[in-house]
Amino acid sequence: MKILIADDDPQLLRALRVTLGARGYDILTATNGREAINVAIEHHPDLYMIDLGMPKLDGVQVISELRSWTDAPILVVSGRTGAADKVEALDFGADDYVTKPFFIDELLARIRALTRRMATPEAEPLVTLGDVTVDLASKSVIRSGPDGPTYIRLTPTEWKILELLVRNAGRLVTRQALMRDIWGPVHVTETGYLRLYIAQLRKKLEPDPSNPVFILTEAGMGYRLRLDSTDSEAVTGDSAPA
């Protein structure tokens, strides 16, 4: 199993690399928050150990970014012992919290517990939109290119909308259904938010956002995700009533 340890304490990184490596784990390290994100994008670890007090990006910011595209377990390992720090980290998507200093046996037990929670995923849709692949199982969006694959970062709301469209690929998803599932029944008539997020998704996924071929507007009704851009049906953008 591949573990990324992000911490600005080089002695701790060396100790954990040796200790966990001796137990068969493949260890990656990062000394600041930005480096942690870059390593995560390149190597896609199975589990993350994140310190909160890192330079460049703090641990909560790293957790928030990771949670926009991965469900892999996140274990916070931090010297911050306050309840507010723990609650904030957990609210942003961490799965567990260990305070420093810690016993290695406790850390190993937490890792094993998180590993057991990693249920074998059911077959999830994996769709291709031109040079972009959307994988619901890993919650990743990847663009292929001459220099290799690159991850496309979506906000949590953008991901929710895309996931609903992917799960209903080829079928109309009404504006009301999208608004209800994303923002709740109270906001089903406030379509301005939805149009904004659809426009952002098109900028990130479409070859030409002004002439979309994948995320289509069904005038006056909602949106449809078309997987085969060679279909002969008319394509309408957000210039049509939505």
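Figures for the structure shown
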read-out: Among (1) more than 23 Å from THR150 (Cα to Cα); (2) part of a loop (DSSP other than H, G, I, E, B); (3) modelled with pLDDT of 90 or more, the one test that ASP105 misses; value: (2)
read-out: Scan of the stretch 137-165 for residues that are assigned to a loop (DSSP other than H, G, I, E, B) and either modelled with pLDDT under 90 or of a type outside the set (A, V, I, L, M, F, W, C) (or both), ordered by number; value: ALA137, SER138, LYS139, SER144, GLY145, PRO146, ASP147, GLY148, PRO149, ARG153, THR155
read-out: Residues within the stretch 18-55 that are under 19 Å from ARG153 (Cα atoms) and either among the aromatic types (Phe, Trp, Tyr) or not assigned by TED's automatic domain parsing to the domain that holds ASP7 (or both), tallied; value: 1
read-out: Test for THR81: is it touching a residue at least 60 places away in the same chain (Cβ under 8 Å), of a type in the set (S, T, N, Q), in the same structural domain as LEU108 (by TED's automatic domain parsing) and out of contact with any Cys (no Cβ under 8 Å at 6 or more places or on another chain); value: no
read-out: Positions within the stretch 2-33 being touching a residue at least 40 places away in the same chain (Cβ under 8 Å) and among the small types (Gly, Ala, Ser), in sequence order; value: ALA6
read-out: Elements of type helices (runs of 4 or more DSSP H) in the stretch 1-101, at least 1 residues being within 21 Å of ALA137 (Cβ to Cβ) and hydrophobic (A, V, I, L, M, F, W, C); value: 33-43, 59-66
read-out: In the stretch 129-176, the residues that are within 26 Å of MET221 (Cα to Cα) and either in contact with a Gly (Cβ under 7 Å, 6 or more places away or on another chain) or among the aromatic types (Phe, Trp, Tyr) (or both); value: TRP159, LEU172, VAL173, THR174, ARG175
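The values are calculated or read from the model by the stated rules, or taken from the named source; none is laboratory data. These figures come from a predicted structure and were not determined experimentally. Cβ: placed from backbone, ideal geometry, glycine included. Neighbour counts: every protein chain shown.
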